[in-house]
Amino acid sequence: MEKITWKVDGMTCSNCALSINKLLEKKGLVNIKVNPIDGIVHFDWDHKPSLESIKNDIAGLGYAVKDDEQQVSSTKTKWLSTNKQRFLFTLPFTAILMLHMLHQWIPLHFIANPWLQLILCTPVFIVGMLFFGKSAWRSIWSGVPNMNVLVTLGSSLAFVYSLAGLLYFKNADYIFFETTASIITLVLLGNYLEENTKKATQKALDSLVKSQKLMANMIAFDDKHQEQIFQIENTQLKTGDLILIKTGEQVPIDCKILWGDCAVNEAIITGESIPILKTKKDALIGGSTIDDGIIKAQVTAVGKDTVLASIILMVQQAQAEKPPMQKLADRISAIFVPVVIVIAIIAFLANYFFFAIPFDLSLMRAIAVLVISCPCAMGLATPAAIAVGLGRAAKKGIIFRNATSLESFKTIQQIVFDKTGTLTTGQFTVSDYHTSIEDSEFKSIVLSMEKYSNHPIANGIVKDWKQASVVLWKNATEIKGIGVRTEDNMGNVFEAGSSKILKSQNATDSHNVYVLKNGELIGWVDVQDEIRPEARQVMDWFNQHNIKTIMLTGDLQQKADVVAKALGIQEVFASYSPAQKLKKITELNNQKPTAMVGDGINDAPALAKATIGISISDAAQLALQHADVVLMNKGLQNLPEALGLGKHTYITIKQNLYWAFSYNIVAIPIAAMGLLTPTFAALIMGGSDVMLAVISLRLFIKKVV
């Protein structure tokens, strides 16, 4: 299966997204995600049918698939191809038509000429039908009628009725050309305002996207091996290319420092603006900024493999997902248009036959029902809130892998923490040791053994004892989860590891590393791990908000208790293996909805099992994580904000859905009773989606912690 991501132009409402989703499902594609906010479509493709045929079918619905090259090169747009252009074109005709409403105060009797009104209305009607009419027909053909069906019906009924009044009845009471024009013009205005507000909901993600395209100083060599600097766009760089980055410049792409030192601001990725010192062999993330220093670096990743690109892709995919709350709204949206048409017919018949309202007024009330109805509001309620919530989170270095996690946060009653690398920094130092042999010999043996392990404790010992001499082993083997076994040239077997290597040794399980020679204990090493400075404040926040805090660690009970006491953690489970952690998380989940925070490597199974798995990661590890939420800055300080954003995004979704349903429930009867003209109905309908976006945009500034 190949993962495909397309940008699809022409989506005007959530029903458009449903139409595309339905088409792709018919094509046999899976894992389909269509985002009506930014037009991004994701799906898994097994090379059947061809991508070209899928593009053609999407084009048949009235939408256009754009690849990366088209997005970059397409700077010009066709005339009357945007809502802004259509609105500006129709506005003068409509404004003149509406002048006759002022005839009581201004003598503009020539505007009342029905033939002049027809001439003024016709261009507006043609533009409206080319846009709304084509979209309406294609949506009906796809099986998911959109809101343009209602606009087309309303404006067409007014136009045809007015035309009949002009040609057959020859009576000014039958002529409502200004209604046709005002409906089309005001809905175009509403669409244009909606586009702008939808773009505002995307502003955080858009700023990340813009950071992907930068100019780079590429280093090349001439035939005399003299260094030359060329400025090129970072999209032209390849893995292995050399680049020069100076103070104040953005890092154009993921790279590794070959020469020089620098202070780097990675706020665009991690949300942390304090500069980090980087030196030779350190990784730099594309989009971060060099605050001080000049470095030469080698490109390590390009295109979709970069950290920034993977963040953007994950956020886009999460935006396109539908949490449980949205599924009901989608089902209602799918049948909303036919239901409204039936309601409009009933409103006309009831007004004309039951209440004896004149034909023309009954028709206007039916048209008002068609125009004021807004299925978009229900379909966009969730995507608009999610776009803002995920965008704000991404700017703070909080990456949600799916939209369901946002909704799930509202249920969390307890949170489980791994210790090493999560509550602590993961940077170990030797705190104590004891040996029955010479100190220098013991350090040489331990250093030479621990070099074969990637465990954080081993790395800490190697760093502290790096001055010791190195023993050359005949063979060396790392035993996962236990330690290291080596053999010297004289046949002596050495083991270094946890208490599991002790076997029958009479020793207490109270030290980090035990060292054996030919099965006999020759010493032990203790290490200490620094507690994260922000950990206490974060634990206090959870305790104040009645969320139970639990530590689940593979470390010794004694060491775990010390950390738990220092941080105020309520319950501790120590000396647990990865399999035991998985079992314990399952047990805790069955009691209450549980979140787990870990480093995303050894804790992967438990993170996946928790109601919400939260991984503390650096950016380079991002692609390896399988948690629902990733905290990019390797720290806990943003954990309360992640929880708060999840809960408040859910609250915003509820507010949006409440507004969407309430609007339609109240507006449709008001229109049916004749309390609104079609013109005002069109104006109010356009404002409904804008109001929904405004509610969502509050999330950008709302206090969530």
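The values are calculated or read from the model by the stated rules, or taken from the named source; none is laboratory data. Quantities reported herein were computed from a predicted structural model and do not represent experimental measurements. As a convention, Cβ positions derive from the backbone with ideal geometry for all residues, glycine included, and neighbour counts pool all protein chains shown.
Could you list, in sequence order, the residues of segment 457-474 that are under 36 Å from the mean Cα position of the chain (by Cα) and either surrounded by fewer than 18 Cβ atoms within 10 Å (Cβ to Cβ) or assigned to a loop (DSSP other than H, G, I, E, B) (or both)?
Matches in segment 457-474: Asn459 only.
Hey, any hits in segment 555-572 for a residue that's modelled with pLDDT of 90 or more, under 31 Å from the mean Cα position of the chain (by Cα) and of a type in the set (Lys, Arg)?
No; the residues of segment 555-572 include none that is modelled with pLDDT of 90 or more, under 31 Å from the mean Cα position of the chain (by Cα) and of a type in the set (Lys, Arg).
Hey, could you check segment 122-165 for residues that are within 34 Å of the chain's Cα centre (by Cα) and among the aromatic types (Phe, Trp, Tyr) and say which is farthest from Thr180 (Cα to Cα)?
It comes out as Trp141.
Cβ-Cβ under 7 Å, sequence separation 6+ or interchain: first residue in segment 646-668 and in a helix (DSSP H, G or I), partner acidic (Asp, Glu). Which pairs?
Close Cβ pairs (under 7 Å, with a partner that is acidic (Asp, Glu)) amount to Tyr650/Glu407.
If I filter segment 476-497 for residues that are at pLDDT below 85, assigned to a loop (DSSP other than H, G, I, E, B), of a type in the set (Val, Ile, Thr) and surrounded by 14 or more Cβ atoms within 10 Å (Cβ to Cβ), do I get at least one hit?
Yes, segment 476-497 contains at least one residue that is at pLDDT below 85, assigned to a loop (DSSP other than H, G, I, E, B), of a type in the set (Val, Ile, Thr) and surrounded by 14 or more Cβ atoms within 10 Å (Cβ to Cβ).
Assigned to a loop (DSSP other than H, G, I, E, B), more than 29 Å from the chain's Cα centre (by Cα) and among the small types (Gly, Ala, Ser): which single residue out of Ser444, Ser440, Ser453 fits that description?
Being assigned to a loop (DSSP other than H, G, I, E, B), more than 29 Å from the chain's Cα centre (by Cα) and among the small types (Gly, Ala, Ser) holds for just one of Ser444, Ser440, Ser453, which is Ser453.
If I filter segment 137-162 down to residues being touching a Leu at 6+ places or on another chain (Cβ under 7 Å) and part of a helix (DSSP H, G or I), which single residue comes out as surrounded by the fewest Cβ atoms within 10 Å (Cβ to Cβ)?
Arg138
Which of the residues that make up segment 102-130 are closer than 19 Å to Pro92 by Cβ, buried (at least 16 other Cβ atoms within 10 Å of the Cβ) and at pLDDT below 90?
Passing the criteria: Ile111, Gln117.
Among the listed residues Gln558, Gln528, which satisfies the condition of being in a strand (DSSP E or B) and either in contact (Cβ under 8 Å) with a residue 40 or more places away in the chain or closer than 30 Å to Gly491 by Cα (or both)?
On inspection, the qualifying residue turns out to be Gln528.
Can you name every residue in segment 411-437 that is under 30 Å from Ala309 (Cα atoms) and either at pLDDT below 85 or of a type in the set (A, V, I, L, M) (or both)?
Thr420, Gly421, Leu423, Thr425, Gly426, Gln427, listed by residue number.
Could you please give the count of residues in segment 17-39 that are out of contact with any strand residue (DSSP E or B) (no Cβ under 6 Å at 6 or more places or on another chain) and either over 17 Å from Leu390 (Cβ atoms) or in a strand (DSSP E or B) (or both)?
Adding up the residues that qualify gives 8.
Identify, please: which residue in segment 183-217 is assigned to a strand (DSSP E or B) and not small (Gly, Ala, Ser) and is, among those, modelled with the lowest pLDDT?
Filtering first and then ranking leaves Met215.
Just for segment 218-262: of the residues that are in a loop (DSSP other than H, G, I, E, B) and either among the polar types (S, T, N, Q) or without any contact (Cβ under 8 Å) to a residue 24 or more places away in the chain (or both), which one is nearest to Ala297 (Cα to Cα)?
Thr239
Which residue out of Val339, Val299, Val371, Val307 is at pLDDT 80 or above, surrounded by 18 or more Cβ atoms within 10 Å (Cβ to Cβ) and either touching a His at 6+ places or on another chain (Cβ under 9 Å) or under 30 Å from Gly674 (Cα atoms) (or both)?
From the options Val339, Val299, Val371, Val307, the qualifying one is Val371.
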